[in-house]
Amino acid sequence: MKSVRLARNFFALPQGRVQSFHGLPCLFFFLTFPFCSYTIESYKGGFALPKGKKFLKRPAVSESRRGEEGGRGILFFLQKKTVGFSMFLAASVLSFAVLLSGCGGQQGMQKGPAQVKVMKAMQQDAPITSEYAGQIAGKDEVKVQSKVSGAVVEKYVKGGDFVTAGQALYRIDSRQYESAVWQAQAALAQTEATLSNARVDLSRYEALYEAAAIPEQTVATQRANVSAYESAAEANAALLRRAQQDLADTTIYAPMTGQLAVDDVAVGTFVTAGNTTLVTVGTNDPVYATFSISETDYLKFMGAAMRGEGAPSAHVSLTLADGTAYPIDGRIVETDRALKDNTGTLKIKALFDNPGGLLLPGMFARVKISGQTVPNAILVPERAVQQLLDKSFVMVMEDGKSKARTVTLGDKVGSFYIIKDGISANDLVVVEGLTNLQEGVELSPTEVTAADMGFSFENDMKAFDSSVSTLGK
C-alpha cells in the first residue's frame, strides 16, 4: 500500500518527493480524485494518522519536512490498486483533449466562404391590399311586430319560408276588436241621428225667425247645437275607423318579399302591440359586409387618394371562413360620419350581390379592399428581413462580403415587403443561408430569381394575405 499526501501548497509523491501543486500533478489529482478510495486525515494538531493495516504507518513526507512546511496538513491515502487506473484515466482524458484541440484547429483553418443565395431587390408598382374582419348582414331586414295586443290564434307560415310582400303570416284573436267596431258604429249612428234632428230644428227655427215669430238668439243657439253634433259625429266616425283598423291589424302580413327567420312565435303566444317580435324577414340578395378600419388606415387611404395613388374602394373582395374566395366583387356604399368613441374605428359597409344565396347574415368573412398603388416600390422577400428589437435589417452582398443594412419597412405585398429606406433597386439581398451569417463574412453566392425561390409577386397577391391589419370588433 502506498500513500499520496497533499500538504499546504505541495503535492507529495509516494517516494516522498515534493513538487509544486500546479501543472500535470494538479490535473492528475483532480482527474483521479473521484475514482480513488481515500481517507482524509490531518496531522500536527489535527487528526491522528490511521494505524490500520490498510494504510502506511508513516506519511510520505518526513517529520522534518512537515516542520518546514509548518502548520497543519491533510493526508490523502490512496489504495494502490486505484492509482494505476486513475493515472490511465487521466492520460486518456489528456489525449482526447489534445485530439479535439487539433481537430478544431484543423477545421477552423479549412473553413471557406459562406454558401448563400442572393436575389436582386425588385422595383415596380405595388398594389396595396388591406384586410379587415367583417360580418355579413342583410341589406333589408325587418322585425315583424303586431300593431294590436292579443293571443296568436292562427299561424300561416313557419320559420325559413320564403314569403312575398302582403302575404298573411299570423292572426291575432279579434273578438275584442270586433266588439270595439260594433260599439263605435252604434255611437256614430246615435250621433248622426241627433245631428239630423238638430238640422231639422234649425230649418224650422230659421223659418220662424223670418216670420219674426222667434228671436234671433234662438236660431243662433240651434246653429251652435248643429255644429256640435257635427263634430261629435266626426269624432265617432274616427273612432269607428280606428276600431276597424285595429280589427284589420289582427291579421299580420309580410311587409316585404324575403325569407323568414326561425325566431317565429308559436300559436297561443300573447303578443304586445309594438313590443313583441313575431318573426324576422329579410332579403339575402344583395347583402352588406360591415367592417371597421382604424384611424391610421383611414388617413393612409385619404392621403393616397389625394396623391393620386388610387381609391381604396375601387376593389372589394371577400374571403370566407373556410378560406375560399367569394367569386363576386363588391363596392363600398356607406361610410360612417364619425369614429366610434370606444374603439376609435370607422364603420364601413360594402355591398355584394348574392344571387346564389351563399352569403348568409351573421357569417364572418375577411374583407379585402384595394385600389391603392405605390409607384416604383422597392420590394424584398419577407424571408430576407430580420428583426432585432425595434430594428429591421437585411443582409446584402457588397464587395463579395456580407453587410447588414438597416431598413424601414412599408406595407406587406404578398410575400414581399415594401422597403421605404435602406435598400436600392438591384441590390443583391441574401435570401437563403442567413443562419449564423455575420457581417463581413466572405460569400460564395448563387444568384436566384423570385420564381426560383417558389414565389412571385403576382401570384402571391392572389394566394397570400396582403398588408393584413385585422381589427377586432
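Does at least one position in region 245-252 carry a residue that is touching a Ser or Thr at 6+ places or on another chain (Cβ under 7 Å), assigned to a helix (DSSP H, G or I) and crowded, with 17+ Cβ neighbours inside 10 Å? Looking through region 245-252, at least one residue is touching a Ser or Thr at 6+ places or on another chain (Cβ under 7 Å), assigned to a helix (DSSP H, G or I) and crowded, with 17+ Cβ neighbours inside 10 Å.
Return the residues of region 253-275 that are exposed (fewer than 13 other Cβ atoms within 10 Å of the Cβ) and within 39 Å of the chain's Cα centre (by Cα); say none if nothing qualifies. Those that are exposed (fewer than 13 other Cβ atoms within 10 Å of the Cβ) and within 39 Å of the chain's Cα centre (by Cα): Val262, Asp263, Asn275.
Counting only residues that are buried (at least 18 other Cβ atoms within 10 Å of the Cβ), give me the strands (runs of 3 or more DSSP E) lying completely in region 276-384 with at least 2 of them.
Values: elements: 277-282, 287-294, 315-320, 331-335, 345-352, 364-381.
Those strands (runs of 3 or more DSSP E) span 277-282, 287-294, 315-320, 345-352, 364-381.
Of the residues making up region 435-448, those that are touching a Ser or Thr at 6+ places or on another chain (Cβ under 9 Å) and touching a residue at least 40 places away in the same chain (Cβ under 8 Å) are Leu437, Glu439, Val441, Glu442, Leu443. Of the residues making up region 150-183, those that are over 22 Å from Gly282 (Cα atoms) and without any contact (Cβ under 8 Å) to a residue 60 or more places away in the chain are Arg175, Gln176, Ser179, Trp182.
Within region 301-349, the set of residues being modelled with pLDDT of 85 or more and of a type in the set (D, E, K, R) comprises Asp322, Asp329, Arg331, Glu334, Asp336, Arg337, Lys340, Lys347, Lys349.
The values are calculated or read from the model by the stated rules, or taken from the named source; none is laboratory data. Note that the coordinates shown come from a computational prediction; the quantities given were computed from them, not determined experimentally. Counting neighbours? That spans all protein chains shown, and the Cβs are built from the backbone with ideal geometry, glycine included.
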